[in-house]
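Below is one structure, written out as structure tokens; comments come after it.
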Amino acid sequence: LSAWAQVEMGPPDAILGITEAYKRDGDARKINLGVGAYRTDAGKPYVLSSVAQAEQSILRQSLDKEYLPITGLAKFTSAAASLAYGGDALERVAVTQSISGTGALRIGGAFLERFHSGKAIYVPGPTWGNHGAVFRDCGLKVGQYRYFDPQTNGLNLGGMLEDIRALPKGSLVLLHACAHNPTGVDPSAAQWAEIQRVVEECEHVAFFDMAYQGFASGDVDRDASALRSFVAANRAPVLLAQSFAKNRGLYGERVGTFSVVGNDSAERDRLLSQVKILVRPMYSNPPVHGARIAGEVLSDPALRQMWLGEVREMAERIIRMRAALRGELEGLGSKKKWNHITDQIGMFCFTGLSPAQVDRLASEFHVYLTRDGRVSIAGITTGNVKYLAESIHNVTK
Ligand SMILES: Cc1[nH+]cc(COP(=O)(O)O)c(CN[C@@H](CCC(=O)O)C(=O)O)c1O
């Protein structure tokens, strides 16, 4: 009897599995709206010029391949923390490099399991498909708070605040900093202020997931404003998972940070010492190449400016494709409301399409998206938006 006889075949990943199905489809009209990865108007992956130039500069330096410290490349992590938090508060921030956003969430989950053990973490309903598994694998119980309102395809603020207020005092609350995945629904500044007040009054712990800074509005400071408001108030404890996968196109380089905000530098040092104790047995120390690139882009003034322009361009192309899709659908005489396509923000649109309609889009029209009806807008181009609208119209009329 095999030692692995009890190992069953697991299901494909709800998000990454869509790309596998797309690759198997031979039809020239096929469109991949599954994975949240930026594509140019030619439908191709995009290596930012700022990244390519930084990489060339690094290669010219013929650097060694020595281990990084447990907390990664300091030139990168300090610049990344500045980007996230803005200039101030940095002496309170314990920051470590992470294996992109997922790795940061994993470190944060493990940290909370160790120092807030027995508590559950509460994520928005719905949330990124991997959040639950990451936190369960950290040994945390995972709960949900109401977030998306299917009636309006917008935010259910009342339900959200009621649920967060009802949680046991000092609960762990996961918040998407901007560009909510999968709904594309972000709280307004006024709504964020209400959310912040409730989280603070209930003495909850706020764990921000910021995977799209700059990618939502095109402005890195604007997209970090909710996070910075919590930190400036310094009432609710804040943790942050920061990813450079999308806003810098460093997907496969796995570049990110995890950080915890303390009350002062002494507390920061204690926090960082425990983060290192957690990371060492997890993967010991992080990969160096992507961090060198990201650190170069952030610290070289010309490359930083170039990058800020490129991330704004990516955000603006997404916003143009939202308008184009809505316009085409309305032009086809669709009787459904499609304003949420342009009301929502960031990488994704929560279309409201049913699983059956999503299945038809794949089988009859070669259009691929996740079964929750989420569309990665970056997969839309001026060349395919008409066909896409016709396909959606055909399955919704
Ligand atoms: C909210 C959120 N948090 C964290 C991550 C992790 O990103 P990374 O830095 O690469 O570890 C992602 C990526 N989610 C998109 C990419 C594919 C994936 O699921 O992963 C997505 O939802 O399509 C998120 O959307």
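The values are calculated or read from the model by the stated rules, or taken from the named source; none is laboratory data. Every value quoted in this text rests on a predicted model; they were computed, and no experiment measured them. Quick reminder, even Gly has a Cβ in these numbers, built from the backbone with ideal geometry, and neighbours come from all protein chains shown. With ligands, DNA and RNA removed, areas are computed over all heavy atoms of the protein, side chains included. Shrake-Rupley method; radii C 1.70, N 1.55, O 1.52, S 1.80 Å.
May I ask you to derive the relative contact order of the chain, considering only C-alpha pairs under 8 Å and at least 6 residues apart, and to give it as an integer percent?
So the answer I get is 26 percent.
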Rounded to one decimal in Å, the inverse mean reciprocal Cα-Cα distance for region 75-190, i.e. its Kirkwood radius, is 15.7 Å
Region 168-212 shape via C-alpha gyration tensor axes, a/c threshold 1.5
oblate
Given H placed 1.01 Å from N in the peptide plane, which residues other than close sequence neighbours of Val367 have an amide H under 5 Å from its amide H?
Ile31, Ala362
If you take every residue apart from Ser265 with its C-beta less than 15 Å away from the C-beta of Ser265, what net charge results, scoring Lys and Arg +1 and Asp and Glu -1?
-2
Förster radius 30 Å - calculated FRET efficiency between Asp137 and Ile277, Cβ distance, rounded to 0.05:
0.95
Residues whose placed amide H lies under 5 Å from that of Ile99, excluding near-sequence neighbours:
Ala104
Take the alpha carbon atoms of region 196-263, find their center, do the same for region 102-123, and report the distance between the two centers in whole angstrom.
15 Å
Which of Asp149, Asp27, Asp221 moves the most in a Gaussian network model of the chain with Cα springs under 10 Å?
Asp27
Over 12 Å, how big is the tail of the calculated P(r) for region 62-122, in percent of all Cα pairs?
75 percent
For region 285-296, Karplus-derived ³J(HN,Hα) couplings (6.51, -1.76, 1.60; θ = phi - 60°; whole Hz; x for glycine and proline) come out as 7, x, x, 8, 5, x, 5, 5, 4, 5, x, 5
Over 15 Å apart: what share of the alpha carbon pairs of region 102-163 falls there, rounded to a whole percent?
52 percent
Could you work out the local net charge near Ala104, counting Lys and Arg as +1, Asp and Glu as -1, over the other residues with Cβ closer than 11 Å to its Cβ?
+1
Expressed in nanometres to one decimal, the distance between label points 7 Å along Cα→Cβ at Glu194 and Ala233 is 1.4 nm
In order over region 30-46: 3J(HN,Hα) from phi, Karplus 6.51/-1.76/1.60, θ = phi - 60°, whole Hz, x for each Gly or Pro, gives 4, 9, 9, 10, x, 5, x, 10, 5, 10, 6, 5, 8, x, 10, x, 10
Residues of region 162-206 with amide N under 13 Å of the 7 Å Cα→Cβ point at Asp149
162, 186-188, 191
What lysines sit close enough to Lys75 to cross-link, taking a C-alpha to C-alpha distance under 26 Å and skipping anything fewer than 8 places away on the same chain?
Lys65, Lys246, Lys276
Ignoring ligands, DNA and RNA, what accessible area per residue does the chain give at 1.4 Å, in Å²?
43 Å²
Find the percent of Cα-Cα distances in region 243-386 that exceed 24 Å, and round it to a whole number.
53 percent
Show the residues, 5+ positions off or on another chain, whose built amide H is closer than 5 Å to the amide H of Val205.
Ser171, Leu172, Val173
³J(HN,Hα) computed for each position of region 73-88 - Karplus, 6.51 cos²θ - 1.76 cosθ + 1.60, integer Hz, glycine/proline x:
7, 4, 4, 7, 5, 5, 5, 5, 5, 4, 4, 6, 8, x, x, 8
Would you tally the net charge around Glu200, using a Cβ to Cβ cut-off of less than 15 Å, leaving Glu200 out, and scoring K and R as +1, D and E as -1?
+2
Mean residue ellipticity (222 nm) of the chain, computed from DSSP H runs ≥ 4 via -39,500 (n - 2.57), nearest 500
-14000 deg cm²/dmol
P(r) for region 10-137, please, calculated from all Cα pair distances in 10 Å bins and given in %.
9, 24, 32, 26, 9, 1
Given chymotrypsin sites (Phe, Trp or Tyr not before Pro), DSSP loops and at most 16 other Cβ atoms within 10 Å, the longest exposed-site-free stretch of the chain is 68-282
So if I restrict to the alpha-carbon atoms in the chain, what is the Rg, and what is Dmax, the biggest pairwise distance, in Å?
21.2, 63
Out of Ser284, Ser188, Ser100, a Gaussian network model of the chain with alpha-carbon springs under 10 Å gives the largest mean-square fluctuation to Ser188
